[in-house]
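The values are calculated or read from the model by the stated rules, or taken from the named source; none is laboratory data. The structure presented is a predicted model; accordingly, all values stated were derived computationally and were not measured. Cβ coordinates were reconstructed from backbone atoms using ideal geometry, including for glycine residues, and neighbour counts include every protein chain displayed.
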Amino acid sequence: MKNKFEAMVLSCIDPRFQSSVNRFLKQKKITNKYSAFIIAGAAIGVTHIKYKDWHKTFTDNLMASIHLHKINKLIVINHEDCGAIKLAEGKVISDELKIHKNSFKKLKTKLSKRFPKIKLEFYIMKLNKKTSKILIR
């Protein structure tokens, strides 16, 4: 029987969150049913101008997952205390959540043009590992 792949998951390289991301995806019942793209900052890494060289790599990987795995959803998991934001902004961050939401909005805008059928889910994982869905209109 052929596997049904459900999504691509975009998450961060931060070691503090790897097991929690896996646990979260297990709760969503998609273990072994997703392709993974792990990069510093997750959505920050694929939208922030500081990391512009990474943007095409992500888009090419998403396209490959759509074609090879027939996925129709992208699940994006950013997290609190994000080092990629600190590196990109080069200053003290007063409203990290706003930066995360802006990265989600940029990603949604970018992907809706190139991949109009893909569904998007955005999440923020807190330091206590509680995960909250973020609605982006």
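Return the total of residues in region 88-106 being touching a helix residue (DSSP H, G or I) at 6+ places or on another chain (Cβ under 7 Å) and either over 12 Å from Ile44 (Cβ atoms) or not charged (D, E, K, R) (or both). Working first, answer last.
Step one: filter region 88-106 for residues touching a helix residue (DSSP H, G or I) at 6+ places or on another chain (Cβ under 7 Å), giving 88, 93, 96, 99.
Filter once more, so that each one left must be either over 12 Å from Ile44 (Cβ atoms) or not charged (D, E, K, R) (or both): 88, 93, 99.
The qualifying residues number 3.
Checked against (1) within 25 Å of Phe24 (Cα to Cα); (2) over 14 Å from the mean Cα position of the chain (by Cα); (3) aliphatic (A, V, I, L, M), Ile77 meets all criteria but (2).
Within region 1-15, being more than 18 Å from Ile118 (Cβ to Cβ) and under 16 Å from the mean Cα position of the chain (by Cα) holds for Cys12, Ile13, Asp14, Pro15. Residues of region 116-130 that are in contact with a strand residue (DSSP E or B) (Cβ under 8 Å, 6 or more places away or on another chain) and either under 23 Å from His69 (Cα atoms) or surrounded by 18 or more Cβ atoms within 10 Å (Cβ to Cβ) (or both): Ile118, Lys119, Leu120, Glu121, Phe122, Tyr123, Ile124, Met125. Residue count for region 27-82 satisfying the condition of being within 17 Å of Glu96 (Cα to Cα), in contact (Cβ under 8 Å) with a residue 40 or more places away in the chain and not in a loop (DSSP other than H, G, I, E, B): 4. Residue-level check: of (1) modelled with pLDDT under 95; (2) of a type outside the set (Lys, Arg); (3) in contact with a Lys or Arg (Cβ under 7 Å, 6 or more places away or on another chain), Thr47 misses just (1). Of all residues in region 6-26, exactly one satisfies the criterion of being in a loop (DSSP other than H, G, I, E, B) and more than 20 Å from Leu97 (Cα to Cα), namely Glu6. If you filter region 38-64 down to residues that are touching a strand residue (DSSP E or B) at 6+ places or on another chain (Cβ under 9 Å) and crowded, with 20+ Cβ neighbours inside 10 Å, you find that the one that is farthest from Glu89 (Cα to Cα) is Leu62.
The set of residues in region 103-137 that are without any contact (Cβ under 8 Å) to a residue 12 or more places away in the chain and assigned to a helix (DSSP H, G or I) comprises Thr109, Ser112, Lys113.
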